[in-house]
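To start, the structure itself, in structure tokens.
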Amino acid sequence: MRYLYTALVVIFTAMVLLFNIQNLQAVTVSFLTFSVTLPVSLIVIGTYVLGMATGGALLTLVRSWVRGSRRRPTPPDPGAGAGI
């Protein structure tokens, strides 16, 4: 199993390196008044990483909402309003 994992990591790394070598053309990405000129490969990889981060944050948020909705509400304390 260790060799299979190592082989998959090597293949994935080789594919990423090949992608970087083949996509060295510079492109300019503009958003409102901000613009950046980078190679295509860096923009694609950066977009992928940004998507992973925002997707992971969204998944964590949804899981916390689901856990919160599964909790039973605590019953009100009968003596809480007695001092009024």
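Each reported figure results from applying straightforward, stated rules to the coordinates on display, with no laboratory input. Since the model is a prediction, treat every value here as computed from it, not as a measurement.
Brief remarks on what is shown
- What the phi angles of segment 2-17 give under the Karplus curve with 6.51, -1.76 and 1.60, with θ = phi - 60°, is a coupling list of 4, 5, 5, 4, 4, 4, 5, 5, 5, 5, 5, 4, 5, 5, 5, 5 Hz, glycine and proline written as x.
- Computed from backbone phi, the HN-Hα couplings of segment 54-66 come to 6, x, x, 5, 5, 4, 4, 4, 5, 4, 5, 5, 5 Hz, rounded to whole numbers (Karplus: 6.51 cos²θ - 1.76 cosθ + 1.60, θ = phi - 60°; Gly and Pro given as x).
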